[in-house]
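The values are calculated or read from the model by the stated rules, or taken from the named source; none is laboratory data. What you see is a predicted model; the values in this text were computed from it and never measured. Glycine also receives a Cβ, built like all others from the backbone with ideal geometry; neighbour counts cover every protein chain displayed. For accessibility, only protein heavy atoms count, side chains too; no ligands or nucleic acids. Shrake-Rupley method; radii C 1.70, N 1.55, O 1.52, S 1.80 Å.
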Amino acid sequence: MATSAAAKTCPFSDPSTDFHPFDVSDPFPFYEWARHQAPVFFSHELNYFVVARYPDIKAVFDDWKTFSSENAQAPLRPICEEGRRIMREGGFTAYSGLSARVPPDHTRIRKLVQGCFGVRRFRAIEPQIREIVTKAIGAFVERGKADFFREFAYDVPALVLFKLVGVPDADVPKVKAWGLSRSLLTWGNLSDQEQLPHARNMVEYWRYCQELVRQRHQEMKDDLPSDLLRLKTEGADISDDEIAGVLYSVLFAGHETTTTLMANGLRELLLHRENWQALIADPSLIPAAVDEVLRYAPSIVAWRRKALKDASIGSVPVPKGSNILLLLGSANRDETAFADPAHFDVTRKDARKHLAFGYGIHTCVGQQLAKIEFTIALEELVRRMPGLRLKPGQKFEFAHNSSFRVPTALHVEWDVA
């Protein structure tokens, strides 16, 4: 197979040492090298098998009986004894809403959540989403510059999601802070001392989810926890703790990844300026642009599975009990799945095959909401701020973790009339 010039010049020779799992600033050159030279390898740093090719990753997702999701939410670096004590004594018992559950519990709970948290509900709140988006743009449109990550992408998805879940706008900052703690504690590489404040935050986060359920027992509203409680009173098989677990997952995954999608997406569109100009000329390309962003610069570049029995991936033996890291960011640029995959192109016809939302029974239940939000955001940005551009000379930096490619800032500027 042909490789790009970037891959040829990369100094990679040993995947077990050249793979830096917690540095996601620019993992794509290594991904390309791995797809060709070491599509399945063992990372001694993580003690995980790492998978780089699209067909292998898709096959692992598809075979949930062999490759379990039970480790998807387990901390990559074990929580220290003091951190475990803080969480245990604080009453932290959260497990997972859906992503780490396995059938039959996963099937039972997902069916209920999909019925309450589906496309029909998302479409119904599109006017509110547009109102949130336009208000956020209005706060800085006359200024000529902004940190798009902090001033738009950080809050907009949370404000949208929390309306669906019933969280007051005033609680957005603390729920976002808890989400960051969850990300760092689960997918980061923190020292024992660094873990402790995040362990305390996780206790507060879980208590908040439980309290939302208790409040809805007293007063039902038009939101997700109320819908699930109504189903429970009608005989649905779901417990209060499981409803709180759904909230625990949704209040994190339902906005953090969309924040990252928006920031990474705008960066790529402005870096590849001809694509931004194409959206200005023809806004009907925006839905396709959203899928191309998801393919080219996904919010989640790696996800996890565990082998429940002796198996093989791409002809490499994987013993029972092995942990597996699936490089979604690599799969989405696999030459066997996408034409000219290193090229960012909003007119691409094959982008929707991306694995940014996973695949199989655990495909992200909120993916349509994320796409609707980013579509509306791009529609308004293209219409109101066509001259948007990246601030020259900035360095793009990303949070240090194994899975979420979260930018720390995105400085943009434009001419004010």
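Worth pointing out:
- Most fluctuating residue given options Ser191, Ser43, Ser403, as computed from a GNM of the chain linking Cα atoms under 10 Å: Ser191
- Pair-distance distribution of segment 59-142: all C-alpha pairs, bin width 10 Å, starting at 0; shares per bin in whole percent are 13, 24, 24, 26, 12, 0.
- Taking N as its residue count, the alpha carbon Rg of segment 287-416 over 2.2 N^0.38 Å: 1.27
- Within the accessible area of the chain (1.4 Å probe), percent carbon and sulfur: 52
- Listed residues Val24, Val102, Val51, most fluctuating in the chain (Gaussian network, C-alpha, under 10 Å): Val102
- Relative contact order (%) - criterion: Cα under 8 Å, at least six apart; region: segment 210-250: 43
- Scanning the chain for trypsin sites (Lys or Arg not before Pro) that sit in a DSSP loop and have at most 13 other Cβ atoms within 10 Å, the longest stretch containing none of them is 222-308.
- Number of Lys-Lys pairs in segment 137-275 with C-alpha atoms under 21 Å apart and a separation of 8 or more places or on different chains: 4.
- Gyration tensor (alpha-carbon) shape descriptor, segment 221-299, a/c threshold 1.5: prolate
- What the chain shows is 42 Å² of accessible area per residue, with the surface traced by a 1.4 Å probe over protein heavy atoms.
- Under the combined filter of DSSP loop state and at most 15 neighbouring Cβ atoms within 10 Å, segment 333-417 retains these GluC sites (Glu not before Pro): Glu397.
- Residue with peak Gaussian network fluctuation, the chain [Cα springs, cutoff 10 Å], from His354, His106, His343: His343
- Per-residue HN-Hα couplings for segment 300-308 [Karplus 6.51, -1.76, 1.60; θ = phi - 60°; Hz; x = Gly/Pro]: 10, 9, 8, 9, 10, 9, 9, 6, 8
- Set of lysines with alpha-carbon distance to Lys65 below 26 Å, sequence-local pairs under 8 removed: Lys111, Lys306, Lys309, Lys320, Lys353
- Whether segment 1-146 is rounded, prolate or oblate, judged on the alpha carbon gyration tensor where a/c under 1.5 counts as rounded: oblate
- When only alpha carbons are used to place a centre, segment 280-359 and segment 377-407 end up 21 Å from one another.
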